[in-house]
Structure formats: structure tokens, C-alpha cells
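Everything on this sheet refers to the single structure shown next.
The values are calculated or read from the model by the stated rules, or taken from the named source; none is laboratory data. Keep in mind that what you see is a predicted model, and the values were worked out from it rather than measured. Glycine gets a Cβ as well: all are built from the backbone with ideal geometry, and neighbour counts include every protein chain shown. Just the protein is used for accessible areas: all its heavy atoms, side chains included, with ligands, DNA and RNA removed. Shrake-Rupley method; radii C 1.70, N 1.55, O 1.52, S 1.80 Å.
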Amino acid sequence: MRETGAYGGAVLLLPPPGGDGDGEARVLRLAVVTGVPPSFARPWRRVGIDIATPLAESVRERRLIWMGVGELARRYPQAAVAVPYPFALADAPLLTGDTCWGALVLLWSGAHPPEPAEEELAAIEAARRRLAGALAAAAEAGRPVVAGDEPRFVARPRGRTPGPAEALAAVDFAERLAAGCCALVLDGRITFANRAAAELLGAEVSGLVGSYVREALPWLSAATYEDRYRAAALSQEPTSFTARRPPDRWLRFELWPGPEGISVLIVATEPPARGEEDVSVQPVGGSEEVSTPTLTGALSHLMQLAATLSEAAGVEAVVELVANQLMPAFGAQGLVMFMSEGSRLHIVGHRGYSDEAMERFEGAPLGTPPTPATNALTSGVPRFFSTPEELAREYPGVPAIVRKAAWAYLPLVTLGKPVGCCVLSYDEPRDFPDDERAVLTSLAGLIAQALERARLHDATQTLARRLQDGLLPRKLPDIPGLAVAARYLPATRGMEIGGDFYDLIRLDGGPTVAATIGDVQGHNVTAAALMGQVRTAVHAAAGAPPGDVLARTNKLLTDLDPGLFTSCLYIDIDLGRQRARLANAGHPPPLLRHPDGEVTVLRMAPGPLLGIVRRADYPSIEVPFPPGAVLVLYTDGLVETPGIDLDVATDELAGHLARFGSADRSTGDVADELLRHARQTASRSDDIALLLLSPQAG
């Protein structure tokens with residue numbers, strides 16, 4: 001790897017063990033790390049080839065991808081959240097012909113120019129070819145090289161190795177300095193400390209050398225110092241921080257990184273003024289309050305936010321998550337979430353502002369007159385204003401309206417499409433350090449993706465609910481001598497639309513009525529639309545014998561060829577004869593509670609699901625249905641429980657009906673109790689439709 005130039009670190013990814021050795025695994029694992037600590041290379045520990053990261057894209061498209069400083073946050077914000085530090089990188093697939101054997105990631109310092117030099121590209125290509133050739137040769141020899149359980153750390157070769165006299169002279173030089181000097185290897189272990197460093201740190205040289213910082217100096221184990229160390233190691237740029245050595249001695253630490261480790265310069269200093277960037281967190285065991293959240297604390301919030309945003313089902317849920325996670329992470333007192341609709345920005349949520357103040361910005365056009373939010377979105381560039389004066393110079397009058405003192409305007413853009421704008425605001429003037437700006441920019445990409453998904457989810461659910469509401473009967477007919485109760489319960493995981501349906505049909509020619517219940521495969525608009533077609537077909541055929549009704553409906557569905565299947569139960573009831581006939585197309589068996597309280601599960605040989613075969617027979621049975629009996633029709637969501645046999649669950653439901661469904665309870669009460677029982681037994685992943693019928697004595 002020497003020929004690749006002054007890169008800061010390198011990561012080699014290979015297929016996991018157990019593959020067939022052809023290098024075409026859909027997952028690559030971290031195999032070798034150099035130049036950065038293995039713990040810092042966690043974003044590359046396991047990379048799926050089908051996800052949206054530059055490394056995965058380079059493998060899929062078989063090409064080198066270069067990411068200049070800050071470009072990762074703009075193009076791949078979700079990936080950048082894990083490593084929000086300034087650095088450049090190159091992702092190169094290891095190819096021989098059309099076969100990819102792995103991938104190589106090279107990291108450069110945050111000071112690297114936006115584009116790679118020609119000699120760097122040539123060196124990357126040479127290294128890529130050499131590694132790919134070696135991996136291909138190993139596979140051909142029957143010894144394919146794969147990633148182990150843990151990545152291997154390889155130290156960078158030194159430019160030169162000093163002799164004993166030169167090494168002693170270097171130690172003498174460091175000991176004569178008044179400032180403290182320490183050397184750390186990349187895993188954070190102290191390999192050298194002069195006497196001045198030991199005195200400033202309140203420790204012995206022998207207790208420092210060979211120990212990790214967090215063990216030898218517990219008061220330096222706070223997350224904010226780890227963050228500065230990460231920033232130096234990954235960006236290869238110097239950084240610094242101020243910390244208090246208990247009880248009251250303040251020290252300034254300057255970190256000077258290199259490929260082999262980090263040199264640390266330590267000097268005594270005055271306590272920092274409140275609000276300065278370098279104010280440390282409270283040391284372990286201290287009692288002073290923390291003045292501002294640290295970046296590492298923010299990152300912890302953001303990682304949690306990234307995980308929870310993927311589960312947010314609607315726009316309101318996204319706004320709530322962002323407010324709860326983002327505001328405390330960055331110490332903000334205000335938040336406004338805009339979404340673009342047409343040519344305007346609409347407010348979908350806010351915290352820390354009055355409704356009156358927000359009315360001034362609701363529906364702002366994306367053209368003129370400009371506002372900070374519309375300008376950020378149309379330009380795609382985040383804007384940060386540290387004081388009211390800064391904002392007033394570009395947007396006179398805005399600070400007086402919103403009554404805040406610092407702002408971060410984050411455009412929400414995903415796949416080149418403007419989604420909205422997220423605004424963080426503060427009650428006091430505030431600087432926005434470069435690393436914090438990088439994190440906020442990365443976060444904006446995550447929010448944009450979540451909002452776009454949430455907007456689509458909300459629109460789909462609204463359409464689906466309206467469709468289902470229009471297709472399900474608004475009111476069942478009143479049938480003299482028949483008590484009826486119907487219930488519909490969406491699934492517990494937010495799937496508010498499905499293909500479950502029920503109906504009650506008044507028949508001509510005497511005291512007869514038909515009832516039907518069914519379940520179309522799927523939970524989407526297509527399922528809901530097909531449910532309406534099934535209901536219409538059953539209505540058209542109602543009055544014929546139950547088996548014929550299902551056969552005619554099945555023929556219609558197979559002719560339509562919707563690609564979905566439907567279970568259905570059809571019953572006609574003759575109240576005068578006190579009899580019920582039923583036919584079943586793959587639907588759960590109904591329950592019949594007799595007047596004496598005994599419950600029968602009406603199991604019968606069902607015909608096939610509707611829509612599978614064009615010609616099918618649906619045998620029917622006839623059962624007594626006297627006054628006081630209760631017939632329970634339901635969809636499988638009422639009884640399906642993970643890990644429990646369906647027949648066992650059905651028998652349990654029958655037992656509950658026998659215990660609860662006494663003659664003095666109304667059909668409505670019984671229906672509510674059956675739903676309550678279903679909620680208690682397990683978390684449901686399917687909708688529930690329920691229809692209860694009970695003849696009444698004249």
C-alpha cells in the first residue's frame with residue numbers, strides 16, 4: 001500500500017467465510033485495518049452491497065468512487081452520521097475481469113483538496129490491481145481469502161527507524177521541555193510521557209506508559225474527549241480541547257495526529273469562559289453543571305434517532321421523534337419542520353414558538369419574497385446564523401418575529417428532490433463548529449428520507465382508508481327478528497387498510513337473509529379494491545344456494561386474474577325455518593353458540609380459495625339456527641397467534657365464547673368481549689373483521 005501516497009488510513013473488506021469463493025457475496029466484512037484504530041472502522045464492519053453507501057455503489061457499479069471532504073455528508077447522509085469528521089476517501093472494488101473479490105477504502109486528511117491528484121489515482125489503481133490479483137490467485141489455488149471473525153490491524157511501516165543514540169536524544173529533548181508531552185498509539189494506549197506531562201496530569205510516568213488514557217486518567221474518560229480523539233485520528237487534522245483535572249486545575253490538550261499515532265501537547269491554562277467551544281463536560285466525580293451538550297452526546301442521540309426514524313409511520317411521528325431527539329442533542333430551544341407542497345412550504349410541526357409567530361411563515365412561496373427556509377431549500381445549502389445581527393443583515397425583521405438568537409436552517413433533500421426544511425433555533429447567540437455542521441448536514445439527509453417515506457405512507461393510508469370506508473357497508477340492514485353486531489379492527493402495527501370484509505344482504509322471497517365474511521390477501525390499496533369487487537360479486541349472486549354463490553364469485557375472480565386470493569364464507573339464513581346453510585372457500589370455520597350455552601366449531605371440508613382455479617365446487621352444510629343461538633363469523637386475525645396452532649386457537653376462542661356469551665348479553669357486548677380477548681392474547685399482525693348474528697324470539 002505504500003504506492004498509494006500519503007493516505008491517513010486504509011480498510012480492506014472481503015467476503016465472509018462460508019461462501020463459494022467467487023467473490024460475489026452480497027455482504028462484505030471488515031478484514032484488515034491500517035492507519036486508524038479498528039474500533040473507529042465500525043462503519044465498515046459489515047457492508048451490504050445493496051444499501052446506499054459509496055462503498056456498496058462502487059462494488060455494484062464496478063468503479064472507483066471518490067468522496068471529497070464533506071461530500072459524504074451531502075451525498076450519503078445516513079452513512080456520514082456514523083463518522084461525522086472531515087476526511088476524504090476513495091472506495092475501490094477489487095476486480096479481475098467481471099469478478100469482484102472485495103473492496104478497498106482509503107482515507108485522506110481533512111486538508112486534502114476536493115479532487116484526487118493524477119498520481120494518487122494511478123497509485124490507487126496499481127494497489128487495486130495488485131490486491132485483486134493476489135485474491136484471485138488464492139481462490140484459483142483453492143485457498144480463497146475471506147474476512148475473519150475479527151478484523152486484523154496492521155501497523156503502517158515507519159519512514160525510518162532511529163538508532164539507540166537518536167532515540168535517547170529525543171527522550172532528553174522531550175524531558176527538557178516545560179510543556180507536557182505524550183505519545184499515543186492508535187488504540188489510545190500511552191507509549192511515552194515526559195516528567196512534565198506526569199506532573200500536569202497528577203500521575204507517575206510509570207503509571208502512564210503502557211496504559212490506556214481512560215484507565216490511567218479516569219477524569220479524561222468522558223465521551224467529549226473520545227470525540228476529539230476520533231476527530232484527530234480520522235481527519236488527520238490537529239485538534240484541541242480544554243479539561244479540568246480535579247479538583248480545579250485546567251489543562252489544554254493539543255492533539256497532533258499521524259498514521260502511526262497521536263502526539264499530545266499539554267499545558268496549564270485558565271478556565272474557559274462559559275459558552276466557548278472547548279468547554280469540557282463535567283469530570284467524573286465533579287459537581288459543576290455542564291454548560292453545553294457535547295458533540296459525542298449529540299452523536300448518541302443521533303444514532304438512536306437514525307434507528308427510530310426508520311420505524312416512523314407518518315409525518316407527525318417523524319416530527320415528534322426529531323423534536324424529542326434533536327433538540328436536546330444540540331441544546332436547541334426551538335424547532336420548525338417545513339414540508340414543500342407544490343411551490344410552497346407548509347409547517348408540519350414546531351416547538352418553542354407561538355402559533356401566531358408561525359402563521360407569518362406558513363405557506364411561504366419558494367420564489368419571492370425569500371425567507372431563510374425557502375432559500376436554504378431552493379439552494380440546497382445549509383445556513384447557520386450565530387446572532388440576530390447576522391440573520392437581520394440578510395433577512396431584516398425576521399429575528400424580531402421569531403425572537404430567537406441563533407439558527408440552523410437545514411434543507412431536506414433526498415435523491416435530488418426537495419422535501420422541506422428543518423430549522424433549529426436558540427435563545428442565546430451560538431457558534432456552530434465545523435464538526436457540528438457536518439453532523440447536522442448528515443442528519444438533514446436522514447430526516448428528509450424519513451419525511452418522504454412518511455408523506456407517502458400518510459397519503460397511501462388516507463387513500464386506502466377512504467377506499468375501504470367506501471367499500472365496507474356504512475350500515476347493515478335492519479332485519480326483523482335478527483340481532484346483528486359488526487366490528488372491524490385494524491392491525492396493531494399501523495396497517496390501517498386491508499382486504500377484510502363483511503356484509504349482510506336482505507333476500508327476497510320470505511324471512512331470509514344472507515351473510516358473508518372474507519379476507520383478501522394483502523394489506524394495501526389493491527387488496528381493498530379487490531375486496532369491493534368480491535362484495536359486489538357476492539351481492540349479485542346472493543339468493544342462490546351458498547355453494548353456487550361462491551362458485552360464481554370464484555369464476556369472476558379468476559377471469560379478472562387480480563393476482564390475489566380471497567377466503568370467503570357465505571351463509572343464508574331462513575328465520576322462519578330456523579335453519580342456516582353455509583359454504584366455505586378456505587375461510588376460518590364459524591362458531592355457533594347454541595341456546596343452552598354449548599359452542600360448536602362448524603368445521604367442514606372447505607372449497608379452494610377464490611381466485612385460484614376457475615372451476616371449483618363448494619359443498620354446503622345446513623345447521624339449526626333457533627332463537628337464542630349466536631353465529632360468530634370472523635377473519636383469521638381474531639385467532640392467529642404466532643407459535644399456536646390455528647385449530648387450538650379456534651377452540652380457545654370457542655371456549656371463551658361459551659364462558660362469556662350468555663343469553664342475557666347483547667350481540668354487541670359479545671363482539672366487544674371477543675375483540676378484547678384477541679387484544680390480550682397477542683400482538684396482532686392482521687386486521688380483524690367480526691360479524692355476529694342471533695335470531696330473536698318473536
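Using amide H atoms built 1.01 Å from N in the peptide plane, name the residues 5+ places from GLY102, or on other chains, whose amide H lies under 5 Å from its own.
The answer is LEU94.
Binning at 10 angstrom from zero up to the longest distance, how are the C-alpha pair distances of the stretch 315-460 distributed in percent?
Using 10 Å bins, I get a P(r) of 12, 47, 36, 5, 0 for the stretch 315-460.
Step through the residues of the stretch 419-434 one at a time and calculate ³J(HN,Hα) from phi using the Karplus curve (6.51 cos²θ - 1.76 cosθ + 1.60, θ = phi - 60°), rounding each to whole Hz and writing x for Gly and Pro.
Those phi angles translate into 9, x, 8, 10, 10, 9, 9, 9, 6, 10, x, 7, 7, 10, x, 4 Hz.
With a 1.4 Å probe and every protein chain kept in, tell me what percent of the accessible surface of the stretch 531-619 is carbon plus sulfur.
Accessible surface attributable to carbon and sulfur in the stretch 531-619 totals 50 percent.
Rounded if a/c is under 1.5, else prolate if a/b beats b/c, else oblate: with a ≥ b ≥ c from the C-alpha gyration tensor eigenvalues square-rooted, which is the stretch 335-409?
In terms of gyration-tensor shape, oblate.
Determine the shape class of the stretch 599-656: with a ≥ b ≥ c the square roots of the Cα gyration tensor eigenvalues, call it rounded for a/c under 1.5, and otherwise prolate if a/b is greater than b/c, oblate otherwise.
Oblate, since a/c reaches 1.5 and b/c is not below a/b.
Tabulate in residue order the Karplus-calculated ³J(HN,Hα) for the stretch 191-205, using 6.51 cos²θ - 1.76 cosθ + 1.60 with θ = phi - 60°, rounded to whole Hz; enter x for Gly and Pro.
With coefficients 6.51, -1.76 and 1.60, one gets 10, 7, 8, 7, 5, 4, 5, 4, 5, 5, 7, x, 9, 9, 4 Hz.
Measuring from label point to label point, each 7 Å out along Cα→Cβ, what is the SER221 to ALA138 span in nm?
3.8
About the Cα centre, and with charges only on the beta carbon of Lys, Arg (+1) and Asp, Glu (-1), how big is the dipole of the stretch 548-698? Nearest 20 debye, please.
The dipole of the stretch 548-698 has a size of about 300 debye.
Whole-Hz Karplus ³J(HN,Hα) for the stretch 228-238, in order, using 6.51 cos²θ - 1.76 cosθ + 1.60 and θ = phi - 60°, x for Gly and Pro?
5, 5, 4, 4, 5, 5, 7, 7, 6, 10, x
Carbon and sulfur atoms: what percent of the 1.4 Å accessible area of the stretch 406-450 do they account for?
Percent of accessible area from carbon and sulfur atoms in the stretch 406-450: 50.
May I ask you to list the aspartates and glutamates whose Cα is less than 19 Å away from that of LYS417, ignoring any residue fewer than eight positions away on the same chain?
Cross-link targets: GLU71, GLU341, GLU452, ASP458.
Stretched out fully, how many nm does the piece from THR600 to HIS677 gain, at 0.36 nm a residue minus the Cα gap?
Full extension of this stretch gives 25.9 nm more.
If you keep only loop residues by DSSP, which trypsin sites (Lys or Arg not before Pro) in the stretch 313-398 have at most 11 other Cβ atoms within 10 Å of their Cβ?
none
Kindly provide the GluC sites (Glu not before Pro) of the stretch 557-650 that DSSP labels as loop, not H, G, I, E or B, and whose Cβ sees at most 16 other Cβ atoms within 10 Å.
Sparse-neighbourhood loop GluC sites (Glu not before Pro): GLU598.
Please give the contour-minus-distance gain from ALA392 to ALA155: 0.36 nm per residue of separation, less the Cα-Cα distance, rounded to one decimal in nm.
Answer, rounded to one decimal: 80.1 nm.
Keeping every protein chain in place, order ASP572, ASP647 by accessible area at 1.4 Å, biggest value first, i.e. largest first.
ASP647, ASP572
With a ≥ b ≥ c the root eigenvalues of the C-alpha gyration tensor of the stretch 74-184, is it rounded (a/c under 1.5), prolate (a/b larger than b/c) or oblate?
prolate
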